[in-house]
């Protein structure tokens with residue numbers, strides 16, 4: 001496998017390198033602008049049409065009018081949650097792929113998504129939980145337990161958690177959990193009827209309470225993940241070289257696993273399992289900016305919420321007042337772009 | 001890992017390289033498969049002795065036993081063996097071609113394509129089981145063709161194909177979820193049951209296509225197995241060693257896709273066999289090479305064992321076998337991994 005730790009252009013003359021950095025920095029600024037824009041659109045667009053001018057003024061002065069209530073109680077938390085969860089999914093995916101050095105690794109691979117799903121199914125079926133707020137803690141617990149089990153299984157004695165082992169133990173636990181979920185759903189049709197809507201992944205009906213519950217976890221996860229950019233770059237050189245360069249490989253892996261669990265557990269708890277973003281956005285970002293994690297991580301963190309919130313907006317306006325779940329729109333919007341990118345450019349390997 | 005011993009065996013003009021451990025693993029798997037099949041044929045709501053079963057198979061049983069053996073248990077067992085072997089070989093070939101243990105047909109969209117085909121038939125046309133199988137077959141093959149065409153760019157490159165497959169799989173999964181949320185609860189429930197994959201209510205009609213596919217395609221895959229090991233060394237090395245790279249890859253891909261699509265059409269997407277069986281076989285044989293024959297045996301074994309367990313635990317027509325393959329295969333793989341873990345510690 002071809003591995004390069006720094007972007008290919010770094011080998012060029014200094015002037016060229018500087019220009020590439022300016023280009024990437026400029027791109028990042030544009031991406032942030034795009035994110036802000038799309039968040040504004042998400043506040044503005046909805047089943048009740050509110051003119052943009054009053055959306056803007058009501059946003060800053062909560063005057064208690066009907067419009068203000070809609071925007072502050074529904075659209076604002078929903079948009080912020082989309083931004084938070086999107087960022088978390090993108091980062092988790094990027095870290096996961098770098099950690100396992102497997103481009104097919106999605107954040108669900110550590111068993112996080114299925115651990116959360118299994119816990120939610122149990123909560124619905126056996127504890128009679130029916131609210132999104134009730135799901136959150138079960139989902140978190142399931143995600144944490146699952147990722148600890150996968151990590152322990154993947155930790156082979158001498159070599160530490162090697163990527164292949166992590167992948168295999170993640171796949172094994174995922175299969176067991178899916179079997180459990182499938183069995184419960186087939187035995188309890190009522191549970192299935194509730195679960196099928198959670199399982200699609202949706203932002204609808206999420207209020208400020210969910211946002212408040214998950215944001216501390218996401219915040220810690222984001223800081224942790226961004227701190228890992230340099231160590232992950234070294235990890236890409238392979239175990240031997242990494243060690244020779246003085247990297248703490250074991251520590252990087254543990255920190256990475258913790259970051260992924262926090263980010264992915266929180267987002268799955270908040271809006272249900274959404275696999276595609278974490279898998280595809282980091283992949284697409286690597287095609288655009290090269291393999292340097294110092295760029296891949298921030299880009300993934302900014303572009304993922306653009307895709308998530310954008311999909312949510314489209315899902316809302318396609319067929320009002322009904323909504324198309326964001327998980328479905330994300331895949332239909334993101335996949336063609338992703339496929340086109342894969343066809344056109346030279347592929348950056350991990 | 002110990003060094004792999006290989007011994008050349010030469011019978012007149014045919015020579016083979018044999019790895020003793022792989023051979024032993026293959027024989028043990030075959031024996032266990034045979035024993036489990038015997039157990040599976042004799043256990044159930046009406047226990048039979050082995051002698052009864054053998055007599056009936058040769059046409060000397062009474063009408064009651066004959067019905068149980070040839071109408072209920074034998075087709076079920078045969079289907080489990082055939083589908084297990086087909087899925088395992090399909091997974092083994094794809095994992096090796098893509099050089100990635102996750103490159104199994106469930107990950108790169110072929111299975112999702114079959115599911116979409118079947119769901120369309122269930123939800124929109126309310127079709128019977130024959131139509132559903134046809135829908136699954138068409139869906140699977142069309143998806144594979146789409147992935148191949150989208151990924152084609154001066155030849156098929158494994159890595160690009162995986163990525164395109166993931167994109168296509170995401171869209172199809174979304175479409176499947178959409179169909180399930182839009183369907184009536186009854187249709188959605190039927191769809192969910194199909195999606196788990198099972199052997200319940202399948203008879204000889206479902207067996208023939210799978211049997212023909214396995215008889216024709218498995219030897220072909222085994223024959224190309226050596227080339228698979230060479231292809232794993234990279235295109236340039238393989239070319240240097242005289243392997244027609246593009247053609248071999250196209251043939252192997254076609255074989256894997258067809259096996260997977262036909263097996264899925266017969267039973268629904270049975271989870272994890274395609275992913276786990278080659279990995280389990282590889283780990284047991286402690287070989288770095290793709291071991292297609294033992295993978296096939298392992299796949300058949302996994303499915304027969306899972307079927308037996310579901311029948312014993314949940315009753316004769318209880319839960320679908322797809323529930324158990326994930327649980328049994330997953331637990332077995334976890335056990336193997338944790339065993340290696342302890343060995344390395346100790």
* To do: Answer yes or no as to whether residue B:195 is facing chain A (nearest Cβ under 10 Å) and either surrounded by fewer than 15 Cβ atoms within 10 Å (Cβ to Cβ) or touching a strand residue (DSSP E or B) at 6+ places or on another chain (Cβ under 8 Å) (or both).
  => no
* Give the stretch B:168-193 a look and list any residue that's closer than 23 Å to residue A:276 by Cβ and under 23 Å from the mean Cα position of the chain (by Cα), or say none. => B:168, B:169, B:170, B:172, B:173, B:176, B:191, B:192
* Could you count how many residues in the stretch B:117-144 are surrounded by fewer than 23 Cβ atoms within 10 Å (Cβ to Cβ) and either within 14 Å of chain A (Cβ to nearest Cβ) or part of a loop (DSSP other than H, G, I, E, B) (or both)? -> 4
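So which of B:312, B:284, B:308 ends up being touching a helix residue (DSSP H, G or I) at 6+ places or on another chain (Cβ under 8 Å), surrounded by fewer than 24 Cβ atoms within 10 Å (Cβ to Cβ), closer than 30 Å to residue A:189 by Cα and more than 8 Å from chain A (Cβ to nearest Cβ)?
On inspection, the qualifying residue turns out to be B:308.
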* Taking residue B:149 as the residue in question, decide whether it is within 12 Å of chain A (Cβ to nearest Cβ) and out of contact with any helix residue (DSSP H, G or I) (no Cβ under 7 Å at 6 or more places or on another chain). => yes
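Results for (1) more than 24 Å from residue B:102 (Cα to Cα); (2) at pLDDT below 75; (3) more than 14 Å from chain B (Cβ to nearest Cβ); (4) crowded, with 22+ Cβ neighbours inside 10 Å, shown as yes or no for each residue.
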position	(1), (2), (3), (4)
A:182	no, no, no, yes
A:188	yes, no, no, no
A:204	yes, yes, no, no
A:212	yes, no, yes, no
* Structure fact -> Among residues of the stretch B:213-250 being in contact (Cβ under 8 Å) with a residue 40 or more places away in the chain, within 19 Å of residue B:282 (Cα to Cα) and in a helix (DSSP H, G or I), the residue nearest to the chain's Cα centre (by Cα) is B:218
* **Set A:265, A:290, A:256, A:278: member being at positive phi and either touching a helix residue (DSSP H, G or I) at 6+ places or on another chain (Cβ under 8 Å) or surrounded by fewer than 24 Cβ atoms within 10 Å (Cβ to Cβ) (or both)** => A:290
* If you check residue B:292 against the conditions, is it more than 14 Å from chain A (Cβ to nearest Cβ) and at pLDDT 90 or above? -> no
* Structure fact -> Within the stretch B:152-167, residues part of a helix (DSSP H, G or I), facing chain A (nearest Cβ under 10 Å) and either closer than 26 Å to residue A:195 by Cα or more than 20 Å from the chain's Cα centre (by Cα) (or both) come out as B:159, B:160, B:161, B:163, B:164, B:166, B:167
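The values are calculated or read from the model by the stated rules, or taken from the named source; none is laboratory data. Computed from a prediction, not measured in an experiment: that's the story for all the values here. Virtual Cβ from ideal backbone geometry, glycine too; neighbours counted across all protein chains shown.
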